[in-house]
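Step one of this worksheet: look at the structure below.
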Amino acid sequence: MKRWIQAIGSGQQGTTRDLTYEEALEAAHEMARGNSTDAQCAAFLMALCMKGEADEEMRAFIDVFHSYAQPYHPFADSLNCAGPTEGRQFFPVTLPVSLLLASVGFSQVLHGGDSLPSRQGTAMQEILESFGVAMDLSAKAWETMLFHLHIGFLHTDQLCPPLGKLKQVREQIGLRTVIDTIEKVMNPVQSMNMIIGVNQRKTMESLIPISMRSGVQSIYLVNGIEGSEDLPIYQNSTIRIVTPWGDESRVVEPQKFGFLSGPLQPMDKAEQLSSLRRIIGGENTEELKRERDHVIFNAGLRLTWFDKVGSYEEGFQLAESLLQRREAQKVMQKWVDQSHRFTLQDYPHNDSSSKIG
């Protein structure tokens, strides 16, 4: 890895240079195979971050780590969604939205890693485990659950072990690097639709050429709350829609559809869990209006974007109806029950379950 660190800084008069695709490919393979020390990986990632990742460097790293990902059965008619690598400090809108979409048969594939200590937040796995969802499943069991429940979550360590092994390096750096981008764009079941949250417009621009070459039918790039895929309802948002044939920019205006609630407020893990249980349980109170409106708005957007309804208004109405009927809670309870059933099949002495509510 030392030669690639030197190569980045080998320009004239202290300037830097970009690696070619082939050079970046070799560097990524060295890192993925564990042929470099943590210190070397950290130094390389920092140098790359300070220089600014070029498109070919980004593409090479994504290609390499994709090649090390665990194989799963393709579920083309699904929506792939990765949450913030920092974890959530605000209400995790995507979880109830995904449960609602799963309840109408639109398969949702969630994935992500642990929240890094340097970035305070609650990771998706922490939330799901608190609800009682068992995570230690075989690939076949996970695929069976996705087929029947239309929802599943994969931890980064399980999805791509070489990425998981870089956890300590990422903790030491404490900054976003190309590894964060790789984690977001993993597509474990070859979904034809993706929604990717980004922290900066610069990251969004760099993902456009990569997205166009990915073969995915449509990718929505969103600079949402906390760099997530969740759009706020207290301000307009600009999103990019990328297809193999090009990309377009679109402004989303919540007030146009009557959404007038204020910003979400920071929550610790206990508060997030309590609000999630109450909202997916059908509670409709003034206290939860901001969070509930965000769920309805984002669910309606995704139902419309991915052609599950004929209009935004229809999408919002369907989302609200599904919440009232507690369809999200029903899916979550089945998720908990079936995950433990499959865990018992793999590990018959592990007998634990949980009830949602």
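The values are calculated or read from the model by the stated rules, or taken from the named source; none is laboratory data. All values derive from a computational prediction rather than experimental measurement. No Cβ is skipped: glycine too gets one built from the backbone with ideal geometry, and neighbour counts run over all protein chains shown. Quick note on the areas: whole protein, heavy atoms, side chains included, nothing else; ligands and nucleic acids left out. Shrake-Rupley method; radii C 1.70, N 1.55, O 1.52, S 1.80 Å.
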Chymotrypsin sites (Phe, Trp or Tyr not before Pro) in region 198-245 lying in a DSSP loop, each with at most 14 other Cβ atoms within 10 Å of its Cβ, come to 245
Checking rank on 289-296, 160-167, with mean other Cβ inside 10 Å and highest first, the result is 289-296, 160-167
Karplus ³J(HN,Hα) for region 239-253 (6.51 cos²θ - 1.76 cosθ + 1.60, θ = phi - 60°; Hz, whole; x = Gly/Pro) runs 10, 10, 10, 10, 10, x, 9, x, 9, 9, 9, 9, 9, 9, 10
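Can you tell me the order of 311-317, 94-100 when each peptide is scored by its average per-residue count of other Cβ atoms within 10 angstrom, highest first? Numbers along the way, then the final one.
Numbers: 311-317: 16.6, 94-100: 27.1.
Top of the packing list down: 94-100, 311-317.
Quantify, in whole percent, the carbon and sulfur part of the accessible surface of region 67-163 (1.4 Å probe; protein heavy atoms only).
Numbers: 1600 of 2980 Å².
Carbon and sulfur: 54 percent of the exposed surface of region 67-163.
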If each part is reduced to its alpha-carbon centroid, region 286-312 and region 112-171 end up apart, in Å, by 25
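Give me the 1.4 Å probe accessible area per residue for the chain, excluding ligands and nucleic acids, in Å². Provide the component values of the computation, followed by the final result.
Working: 15190 Å² over 357 residues.
Using a 1.4 Å probe on heavy atoms only, each residue of the chain averages 43 Å².
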If each K or R counts +1 and each D or E counts -1, the residues other than residue 288 whose Cβ falls under 15 Å of its Cβ total -1
Looks like region 50-144, by Cα gyration tensor root eigenvalues a ≥ b ≥ c and the a/c under 1.5 rounded cutoff (else prolate when a/b is bigger than b/c, oblate otherwise), is oblate
